[in-house]
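Report on the following structure.
The values are calculated or read from the model by the stated rules, or taken from the named source; none is laboratory data. Everything numeric here is computed off the predicted structure, so don't read it as measured data. Note that we place each Cβ from the backbone using ideal geometry, even for glycine, and neighbour counts take in every protein chain shown.
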Amino acid sequence: MSAIKDIRVNKFELKLADTDDPVAEKTCWDPLKSGGANFKTQDMVETKGRIVIKHSVTALILYSMFLLPGLGIFFIASPTLFIEGESGGGIAMAILGALFIGVSLLMLSSKKHITFDKASGTYFCGKSYNGSKRGDASRQGRLSDIHALQLIRESIRSNNRSYLSYELNLVFRNGERANVMDHGSELEIEASAKQLAAYLDRPLWRAT
């Protein structure tokens with residue numbers, strides 16, 4: 001089921017195209033996550049019978065641009081100033097380094113590493129599925145609970161400029177959703193959506 005079914009959406013009504021699925025009617029068609037990115041921040045790969053969503057190389061390079069200088073400032077520049085008796089400068093450099101490191105770690109944690117595994121019938125963030133924790137569907141769950149996939153476009157305005165970002169969400173039978181991808185490459189996220197829909201054998205809906 002990798003063919004895209006377009007759902008025409010406006011502020012006043014929901015018009016279904018190519019589907020009469022009642023779940024589409026009770027599903028929200030506003031972006032699930034606020035904000036986004038104007039470049040590809042995530043990759044989808046299939047390996048050993050699993051599909052894995054992870055950070056893209058571009059994103060890792062960008063995040064490292066904050067992390068590496070932060071480590072250098074915190075562990076080299078700051079101690080050097082303390083040794084030279086410049087305690088004020090050492091404290092300032094330590095704070096600056098910690099800020100760079102914190103920003104980098106925040107960006108790394110903002111995009112989840114998600115695995116879809118047909119062998120176990122589960123999806124999960126991190127290393128494995130934890131059967132004792134099924135409360136948060138955005139972090140893990142059963143593949144059988146996924147009813148469809150949803151593609152949504154969002155217009156982002158920031159610093160006097162605008163760009164488009166795209167969401168790929170899981171849709172459950174009750175109409176609830178969980179975000180799994182969110183980045184700025186329309187072609188890449190559409191290809192990923194088709195790949196995941198085919199893997200899960202689920203319909204793919206796109207808001208137009």
Output the residues belonging to segment 157-208 that are within 16 Å of the chain's Cα centre (by Cα) and among the β-branched types (V, I, T).
V171, V180, I189
Say whether the condition of being touching a Phe, Trp or Tyr at 6+ places or on another chain (Cβ under 7 Å), part of a strand (DSSP E or B) and not basic (K, R) is met by at least one residue in segment 102-114.
yes
Pick out the one residue from A98, A137 that is among the aliphatic types (A, V, I, L, M), in contact (Cβ under 8 Å) with a residue 12 or more places away in the chain and farther than 23 Å from K54 by Cβ.
A98
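Checking the conditions here, which among S78, S87 is surrounded by 15 or more Cβ atoms within 10 Å (Cβ to Cβ), outside the structural domain of N174 (by TED's automatic domain parsing) and among the hydroxyl-bearing types (S, T, Y)?
Matching residue, one of S78, S87: S78.
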Among the residues of segment 1-55, the number that are modelled with pLDDT of 85 or more, under 16 Å from G175 (Cα atoms) and assigned to a loop (DSSP other than H, G, I, E, B) is 6
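May I ask you to list the residues in segment 24-82 that are among the hydroxyl-bearing types (S, T, Y) and within 14 Å of the chain's Cα centre (by Cα)? First the steps, then the outcome.
Pass one, segment 24-82, residues among the hydroxyl-bearing types (S, T, Y): 27, 34, 41, 47, 56, 58, 63-64, 78, 80.
S34, T41, S56, listed by residue number.
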When only residues in segment 129-167 that are part of a strand (DSSP E or B) and among the aliphatic types (A, V, I, L, M) count, which is surrounded by the most Cβ atoms within 10 Å (Cβ to Cβ)?
L149
Residue by residue through segment 168-199, note down the ones that are among the hydrophobic types (A, V, I, L, M, F, W, C) and either buried (at least 17 other Cβ atoms within 10 Å of the Cβ) or not in a helix (DSSP H, G or I) (or both).
L168, L170, V171, F172, A178, V180, M181, I189, A193, L196, A197
Test: R202 is part of a strand (DSSP E or B) and surrounded by fewer than 19 Cβ atoms within 10 Å (Cβ to Cβ)
no
So is G126 loosely packed, with under 13 Cβ neighbours inside 10 Å, modelled with pLDDT under 90 and in the same structural domain as D182 (by TED's automatic domain parsing) or not?
yes
